[in-house]
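To start, the structure under review is shown below, and the notes come after it.
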Amino acid sequence: MANLSWQNWSNSVMAQPHEIHRPPSEAELINIVQNANKHNSNIRVAGSGHSFVPLCASDEIIVSLDGLQGVVNINAVSHQATVWAGSKISQLGEPLLDQGLGMANMGDIDRQSIAGAISTGTHGTGKGLGSISTQIVGLRLILADGSVREVNTQTDPILFKAAQVSLGALGIISQVTLQLLPAYRLHEKTWAEPFDKCMEKLDSYINATRHFEYFWSPKEDACACKALHPTTAFDIDPSTPFTPPEGRLSRYISKERIDFSHRIYPSERNVKFNEMEFAIPAKLGPDCVRAIRKLMQENHPDVLWPIEYRTLAADDIWLSPAYQRETVTISIHQAAELPYEAFFADAEAIFRSFDGRPHWGKMHSHSAGELRSLYPKWDDFLATRKKVDENGRFLNPYLKQLFGI
Ligand SMILES: Cc1cc2nc3c(=O)[nH]c(=O)nc-3n(C[C@H](O)[C@H](O)[C@H](O)COP(=O)(O)OP(=O)(O)OC[C@H]3O[C@@H](n4cnc5c(N)ncnc54)[C@H](O)[C@@H]3O)c2cc1C
C-alpha cells in the first residue's frame, strides 16, 4: 500500500501513514475506529499539527477532524457551548460573541483545534487563570471499540480528570463543552523595558492586571511586555495617553488598543520555529528565567529568539503541568531551520533543576520515570488509559516511550 505523508507546523515531525481520513460526520469517525479495530491498526488523531513532538505521528492511520467543526449548541443561561472537536479556536470567537459569550482565556495564537489545544494543556497567561483544559466541563469521547461516552464530572469523574489533558491517548474527542464568560473587552498595553527593570517590577505587573507576559530579547537584553485587563470602555481615551514605563527601545513600539477578548488574545506567528517550554513552581520562576538568560548570554549567544514568561493558576487535572501548583511557564525558541538540540538540552538541564514539568506539545526528553516523579496522578492516568484502550489502539511509538509501556 502506498504511504501518504503528514507533517506538523514546524516540519519537525514527518509521518508516512497508510491512511489519512477526514470524516465528515461523527458516524463516519466511529466507522473508521471500528474498522481500525477490526484490522488491528493503530490510529492517531491530529488537530492543527501545531505540536512540536510526534504526538500525532503514525505509520498506520491519521485522522483529521477538520470535517467536524463549528458550534453544536449554546446555552445562554449556563454560559456553556458545545462545539465540534475539530473547530479551530479562531472559528469560535465570533459565533460565541453573537450569543454574548467569550472564552475565559486563550493562548498566543488561535490556530489550534479546540481538542488539540486541551489535549496538551495549552494555556495563555494570567495568575488567576487556568489552561484551556480548565474551561472544559464535558467531552464526547469515541473509545477504542467505537462506543461513544459522554464524559463529565457527573457521568465519570475519573475519566474526566484523565481526559481534560490526555495527549489523545484515551480515544477521539468528537465534541467539547466549554464553560464561558459573558463577552468582555480587553484593554491591551504593550511596551518594552530593560530586563532588570522589568524583573524589579514583575510582581506588581503580574498582580495589577488579569494577564501579563513578556518576551525577553537576547539581542537587546530587553523585555517586550504585554498587559491585558478587562474594560467596559469601547475605545482608548485620547485624553489619558498611555505612558510606557521606560519609553521606547529600538525595535518595540508601545501601543494600546481595546476590543473583544478573542480579537485581542491571538498574535500572528508567521515565522516557523521550534520550541521547548517548562512549567515551573511560580515562586521559582524569576530565578529560573535568570538562569536561562545567563545560559543564552554565556553559552548560546548565537540564539536570537526570545524567552517567553507567563503565569498560570494551579488546577486539579491529572496530567496538567499546573497540577496542584501555582505556575510560571518559560519557553525558549529557535528558528525552524536552525539547530536547536544543544541549546535545548542545556536549557532542559536547568528546567529539570527547577522541578519543571514539560509542555506536552513542545520539545523535551523527559523519561517516563522522571514524569512519574513530577505527576502525582501519573499511575492513575496510565491505569485509566489501559482500562479504556487495553490494546493500545491510540498509542504510537512516541507515546509508548513517553508512558514507559
Ligand atoms: C505558533 C505556535 C504557537 C503556540 N502557542 C501556544 C501557547 O500560547 N500556549 C500553549 O500552551 N501552547 C502553544 N503552542 C502549542 C500548541 O498549542 C499545542 O501543541 C496544541 O496541542 C496544538 O493544537 P493542535 O490542534 O495543533 O493539536 P495537534 O498538535 O494536532 O495535537 C496535539 C495532541 O492533541 C491530540 N488531539 C487532537 N485532536 C484530538 C481529538 N479530537 N481527540 C483526542 N485527541 C486529539 C493529538 O492526538 C495530540 O496528542 C503553540 C504552538 C505553535 C506552533
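Listed by first and then second residue, the pairs with beta-carbon distance under 7 Å, at least 6 apart or on different chains, first residue in segment 360-380 and part of a helix (DSSP H, G or I), second within 16 Å of the ligand (Cβ to nearest atom), are Ala368/Leu402; Ala368/Phe403; Leu374/Arg357; Trp378/Leu371; Asp380/Trp318. Taken together, the residues in segment 268-313 that are more than 16 Å from the ligand (Cβ to nearest atom), touching a residue at least 40 places away in the same chain (Cβ under 8 Å) and assigned to a loop (DSSP other than H, G, I, E, B) amount to 4.
Whenever a residue of segment 247-264 is modelled with pLDDT of 95 or more, its partners that are open to solvent by 90 Å² or more (accessible area, probe 1.4 Å) and assigned to a loop (DSSP other than H, G, I, E, B), lying with C-beta atoms within less than 8 angstrom and at least six residues away or across chains, give the pairs Ile258/Phe234; Ile258/Asp235. Every condition in (1) of a type outside the set (S, T, N, Q); (2) under 30 Å from Lys38 (Cβ atoms); (3) in a loop (DSSP other than H, G, I, E, B) holds for Leu399 except the one numbered (3). Checked against the criteria, Asp316 counts as in contact with a Lys or Arg (Cβ under 8 Å, 6 or more places away or on another chain) and away from the ligand (no atom under 16 Å from the Cβ). For segment 267-300, which positions are over 19 Å from Phe351 (Cα atoms) and either open to solvent by 50 Å² or more (accessible area, probe 1.4 Å) or touching a Ser or Thr at 6+ places or on another chain (Cβ under 7 Å) (or both)? Glu268, Arg269, Asn270, Val271, Lys272, Phe273, listed by residue number. Assess whether Ala227 counts as being in contact with a Phe, Trp or Tyr (Cβ under 7 Å, 6 or more places away or on another chain), among the small types (Gly, Ala, Ser), under 24 Å from Trp305 (Cβ atoms) and modelled with pLDDT of 95 or more. Answer is yes for this residue. In the set Ile109, Ile158, Ile172, which member is open to solvent by 10 Å² or more (accessible area, probe 1.4 Å) and within 8 Å of the ligand (Cβ to nearest atom)? Exactly one of Ile109, Ile158, Ile172 is open to solvent by 10 Å² or more (accessible area, probe 1.4 Å) and within 8 Å of the ligand (Cβ to nearest atom), namely Ile109. What about Val137, is it over 23 Å from Leu399 (Cβ atoms) and within 12 Å of the ligand (Cβ to nearest atom)? Judged against the criteria, Val137 is not a match. Whether any residue in segment 392-402 is more than 16 Å from the ligand (Cβ to nearest atom) and either touching a residue at least 24 places away in the same chain (Cβ under 8 Å) or not aromatic (Phe, Trp, Tyr) (or both) is what I want to check. No - not one qualifying residue is present in segment 392-402. Within segment 340-363, the set of residues being open to solvent by 30 Å² or more (accessible area, probe 1.4 Å) and within 16 Å of the ligand (Cβ to nearest atom) comprises just one member, Tyr340. Candidates in segment 1-30 are the residues that are touching a His at 6+ places or on another chain (Cβ under 9 Å) and not hydroxyl-bearing (Ser, Thr, Tyr); of these, the one that is nearest to Gly86 (Cα to Cα) is Leu29. Checking every residue in segment 243-265 against the condition of being under 29 Å from Gly93 (Cα atoms), assigned to a strand (DSSP E or B) and either in the same structural domain as Thr134 (by TED's automatic domain parsing) or open to solvent by 80 Å² or more (accessible area, probe 1.4 Å) (or both) gives at least one match. Within segment 330-347, the presence of a residue that is within 15 Å of Ser131 (Cα to Cα), hydroxyl-bearing (Ser, Thr, Tyr) and not in a helix (DSSP H, G or I) is excluded.
Results for (1) more than 14 Å from the ligand (Cβ to nearest atom); (2) assigned to a strand (DSSP E or B); (3) over 23 Å from the mean Cα position of the chain (by Cα), shown as yes or no for each residue.
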residue: Leu141; (1), (2), (3): no, yes, no
residue: Ala162; (1), (2), (3): no, no, no
residue: Val165; (1), (2), (3): no, no, no
residue: Gly168; (1), (2), (3): no, no, no
residue: Leu178; (1), (2), (3): yes, yes, no
residue: Thr190; (1), (2), (3): yes, yes, no
residue: Glu213; (1), (2), (3): no, yes, no
residue: Cys223; (1), (2), (3): yes, yes, no
residue: His229; (1), (2), (3): yes, yes, no
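The values are calculated or read from the model by the stated rules, or taken from the named source; none is laboratory data. Fair warning: this is a prediction, and the values are worked out from it, not measured in the lab. Reconstructed Cβ throughout: ideal geometry from the backbone, glycine too, with neighbour counts over all protein chains shown. Heavy atoms of the whole protein, side chains included, go into the accessibility calculation; ligands, DNA and RNA do not. Shrake-Rupley method; radii C 1.70, N 1.55, O 1.52, S 1.80 Å.
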